[in-house]
Every structure is written in C-alpha cells, then in structure tokens.
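The values are calculated or read from the model by the stated rules, or taken from the named source; none is laboratory data. None of the values given here were measured: they were computed from a predicted structure. FYI the Cβ positions are ideal-geometry reconstructions off the backbone, even for glycines, and counts take in every protein chain you see.
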Amino acid sequence: MPNRKPSDFRYNTGPARVPWLEVGEDYTAEDVVEVVKFLIQKKDGGYEAAAQEVERAIRALAAHGEPPGKLSGGDRVAELEAKVNAFLGTRHCAFISNATAGFEIAYRYANLQRGDEVIAPAITFIATVAYPLAVGARVVFADVDPRTLNLDPREVERKITPRTKVIIPVHLGGWPVDMDPLMALAERHGLLVIEDAAHAFGSVYRGRKAGTIGHFGAFSFHEVKNITSFGEGGLVTSRLPAGESLKKARFFGIDYATKVENWLYNVVALEGKNGPSVAGNASATEIQALGLLRQLERIEAIIARRKRNAEYLNRRFAENGAIVPQLLDTEEVRSTHHLYLLQIDPEKAGGDIQELKRRLKERGVVNIPHFAPLYKFGIFKTLGYDVDSSERQCPAAEEAFDHRFTHLPLYGLSGEQFAYMADSILESVAQMQGGAAGYGKPHPPAV
C-alpha cells in the first residue's frame, strides 16, 4: 500500500508510516475505462476498436501509477478557487455542490427564519427561494422589467416591509440586473442582497462581475450552463468579512485552528448577520474541480461564441419589426449570453408567443420560456400563497410569460441550424401576420 499524504478535512492526520487513508476504495483501471467510455460515447463503427486501444493504454498507465490519495476538497479544489478569485476579482469563494447550496449558505448568514420576508423576482427557478420556503420565511414576489425580465428595482422598493430581510436578484439568461439602485435600497433599509448568478458567470455590470456586487453571490455549473463541473457544481462568493468562513460554511463549520482536546478539529458556529449561523454540507469533489478548471480556460471563448450567435439572430430578426431581439453588450453591461431572450409585440405580430411557440414546435425548433412565474406552482398554493393576488401584482411577468417571450439556445448548434431557427421564426411571424407561406430569400448559414 503506498504511503500517501493524508489531508482530508476530517482525517487530517499528516504523513505517517501507517496512515489513515482518505479514500476507502480506490478506482481501478477498469473503472476509469468505463468513465472514459461514458464521457466519449459511441458515434460510429470505429468506436469499439478505438475503445479497446484506449483500454490497453489505461491499463499500461495504471501499471506505472497509483490512484489519487484524495477525491474531495483537495488541491484541485483549492487551485480552482484561486483561479476563480482571479477571474471574478474576489478575495473569497468556495467551490460547492451546486448554486442552491450557495444560496443556502447566504440565507443562513441572514439568520432567516419563520415570518421573515425575502423579495424575489416573479420569474426565476425554484432553487432561488427553496431555502426560505423550507424554514417558513415568506417569499414576496416583485414584478420584472418588461424588457429584460430581471427584477425591477422600482417594484422591489414597493415590496419592502419591516419584515424584509433579503433581496435576491436573478441575472436571467446572463443579462445583469440593474444592481446599483438595488444596492442603494438595501443600504437604506439594512437588507442583505444575495445575487442569483446561476446564469451569469462572466457577466459584467459597470466594471464589476455579476455575483460580486451583492453581499453574497452564487453561480451554477450544472450541465446546461456555459461551463460545467461534470454535470453539477456551484460557487459561492461574499465580499463581507463572513467570506473568510465560506470554506467552513461548505462543510459543517469544521475548524482546525481550535481543535478540541484529544480530537482532530473543532466544529464552530459561523458568523451570522444577527447571531450565530449553523453550517451544512455542500462539499465538491476533485474530479468536479478538474473538469471546471479545464472549461474555465475556455470561458472567454465560449462567451464570445455565444455572443456571435446572438448577434447573428439579431441581424436576422431585424427583418421584421414585430420581433423584439435580445439586448446586446454595451460599454457598461456584458452578458454571458446563456440564453437568447426572444420577445414579440403581439399586436404587430398578429398573435402572441403561444401561437409562435406552436408554430416553431411544428417546425422542430425547441424554445423554452425560462421560467414560469413561481407563484403558479402548486407548492405556493399548498403553503397558503394567494396566487390571484400575485398575478395582479406582477402584470409585467404575466404579460411576458403568457404573451411575449421565450428563450432560444445559443450553443451546440451548427450554422445551418441557427439559420433554420431564424428562418423558422421569421416565416412563422410572417404567417401570423397573414403573409405568404414562405418568407424572404434563403439565407446562408450562421458563422
């Protein structure tokens, strides 16, 4: 058995002749072969022969190597965090299991409890508010800006009460929320701002990266995001002094600096805004960190490619004034272009977005209106929320979701597919307007 250096966050026993190893059961060459075959799956008839050659090479490599002594929270996680801090311009971050865990760490810092209120945009994913619901806090839905579908600071101001503790803006599709007025509101009322930057790793708002402007920010590296850590993963940042404790917050508040007598570590309460906070478990693995490190090297190129695709769609959609195209980057705002926000003017288009979606589905063009207003889901009715009241208080979200907007993909498509998608949208809108079955002249594929 190799004499590896133990360095686990629980069994940090140091080098030893007879160590307590972190990894209880090593992965073998055979296991690694299956992982490679999962990540590179069969496409054609030459696959099997190539796979056998790879298997022989991995077995030969295993004969001259040994398994890793660490699978979770080791050197690669630390390397990733250092590179992310450099990319974001932050001092403190922690690589975690998912963005939802990052929100939870921030909510725990806020000492959120039953009866408290959290102001969230009507349009977002349930993960944004899952923790408040779990602890009995009240989610207060604020309406969205009709153009960006992001949280409208003017609507937030109307919803603040003495019970409000947190504002959680969401950078939908990667387009940054107008953060300066939100932060001014938070400062004036003593509120905590948690940025849901799940779509926005790399977005910029007035010279600052999204996710670093509020008191806390959380990013997602789920498989559908611009970059991924093998399917799941997240990141939490904070510019508060509590940021120094994010790594403790990631794993139960374990602290080596204040070990209890006769044991390896201590478990401490973390600083909260109004009192102590109890940490949970949101650990991430070395393999996830390695995967994200590789994709992090390509993040600028990935965003640039998505931006070019968005610009292509905008050029095409300029052919019909009923189509309201995605906002594009300015000197002050840069998006990750995670999603392409497509809106139409129903009066000019001769029909609403539901009609356009039906026509696109018939043409094989997938489009998804991320997301339904949260108050429409059954969980809120079960918890006693007044759905009818929420609908009345969020007219922009209602109008946009039911009549105006959907999202288009900006990745994984060929130039021909982008051209077909643009053609299909233009032709469908023209048909809705009473035009001919065809529309214009054929266009060359997108670059």
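When 212, 148, 228 are checked against the criterion of being surrounded by fewer than 18 Cβ atoms within 10 Å (Cβ to Cβ), under 28 Å from residue 342 (Cα atoms) and among the β-branched types (Val, Ile, Thr), a single residue qualifies: 228. Within the bounds of the range 289-304, is there any residue that is touching a strand residue (DSSP E or B) at 6+ places or on another chain (Cβ under 7 Å), at pLDDT 95 or above, assigned by TED's automatic domain parsing to the domain that holds residue 82 and of a type in the set (Gly, Ala, Ser)? Scanning the range 289-304, I find at least one residue that is touching a strand residue (DSSP E or B) at 6+ places or on another chain (Cβ under 7 Å), at pLDDT 95 or above, assigned by TED's automatic domain parsing to the domain that holds residue 82 and of a type in the set (Gly, Ala, Ser), so the answer is yes.
Tally up the residues in the range 158-175 that are farther than 25 Å from residue 204 by Cβ and of a type outside the set (Val, Ile, Thr), please. So the count comes out to 5. Consider the range 348-375 and keep the residues that are within 24 Å of residue 143 (Cβ to Cβ) and either in the same structural domain as residue 128 (by TED's automatic domain parsing) or among the β-branched types (Val, Ile, Thr) (or both). The one that is surrounded by the fewest Cβ atoms within 10 Å (Cβ to Cβ) is 368. Do the conditions hold for residue 331, that is, is it assigned by TED's automatic domain parsing to the domain that holds residue 407, at pLDDT 95 or above, among the acidic types (Asp, Glu) and in a helix (DSSP H, G or I)? The answer is no for residue 331.
So that you can scan it fast, the table gives a plain yes or no per residue for (1) in contact with a Pro (Cβ under 7 Å, 6 or more places away or on another chain); (2) over 22 Å from residue 111 (Cα atoms):
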residue	(1), (2)
144	yes, yes
155	no, yes
161	no, no
167	no, no
172	no, yes
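Taking the range 334-344 as the range and being hydroxyl-bearing (Ser, Thr, Tyr) and either within 12 Å of residue 201 (Cβ to Cβ) or assigned by TED's automatic domain parsing to the domain that holds residue 88 (or both) as the test, the residues that pass are 335, 336. Counting the residues of the range 231-263 that are loosely packed, with under 12 Cβ neighbours inside 10 Å and among the aromatic types (Phe, Trp, Tyr) gives 2. Can you spot a residue in the range 10-18 that is exposed (fewer than 12 other Cβ atoms within 10 Å of the Cβ), modelled with pLDDT under 90 and of a type in the set (Lys, Arg)? Yes: the range 10-18 contains one or more residues that are exposed (fewer than 12 other Cβ atoms within 10 Å of the Cβ), modelled with pLDDT under 90 and of a type in the set (Lys, Arg). Within the range 39-47, does at least one residue satisfy the condition of being at pLDDT below 95 and loosely packed, with under 15 Cβ neighbours inside 10 Å? Within the range 39-47, none of the residues are at pLDDT below 95 and loosely packed, with under 15 Cβ neighbours inside 10 Å. Check the range 387-402 and report whether any residue there is of a type in the set (Gly, Ala, Ser), part of a loop (DSSP other than H, G, I, E, B) and modelled with pLDDT of 95 or more. No, the range 387-402 contains no residue that is of a type in the set (Gly, Ala, Ser), part of a loop (DSSP other than H, G, I, E, B) and modelled with pLDDT of 95 or more. Among the residues in the range 262-282, are any under 18 Å from the mean Cα position of the chain (by Cα), at pLDDT 95 or above and either part of a loop (DSSP other than H, G, I, E, B) or closer than 26 Å to residue 70 by Cα (or both)? Within the range 262-282, one or more residues are under 18 Å from the mean Cα position of the chain (by Cα), at pLDDT 95 or above and either part of a loop (DSSP other than H, G, I, E, B) or closer than 26 Å to residue 70 by Cα (or both).
The helices (runs of 4 or more DSSP H) found entirely in the range 122-211 include none that carry 1 or more residues being aromatic (Phe, Trp, Tyr) and free of Cβ contacts under 8 Å to residues at least 24 places away in the same chain.
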